[in-house]
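Novice: Encoded as structure tokens, here's the structure I'll be asking about.
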Amino acid sequence: MLARIHIDARWAADLIAALGDASCLVVRRDDDIVDVLVPSKHDDDQARMELTFFLNAWALDHPRAGVRVARFG
């Protein structure tokens, strides 16, 4: 499952590292745009839920990061 994430550019490197640690494939498209491929043994709905949970947990430690998912594909 592929997702596009918008994030404050100052926090993008931290998010990319965290997603990489979670075995996601990440491509930085712009200073504030990150595309992420979420590997999942389940369907896309489960992968979306896992990514949303991950981002919400990450945002708790980075409340000023302004992370949001722009698109799931």
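Novice: So, of the residues in segment 27-48 that are at pLDDT below 90 and hydrophobic (A, V, I, L, M, F, W, C), which turns out to be nearest to the chain's Cα centre (by Cα)?
Specialist: Among those residues, the one meeting the criterion is Val38.
Novice: Of everything in segment 53-73, what is in contact with a Leu (Cβ under 7 Å, 6 or more places away or on another chain), surrounded by fewer than 17 Cβ atoms within 10 Å (Cβ to Cβ) and assigned to a helix (DSSP H, G or I)? Give them in sequence order.
Specialist: none
The values are calculated or read from the model by the stated rules, or taken from the named source; none is laboratory data. Being a predicted model, the structure only gives us computed values, none of them experimental. Ideal geometry is used to build each Cβ from the backbone, glycine not excepted, and the neighbour counts take in all protein chains shown.
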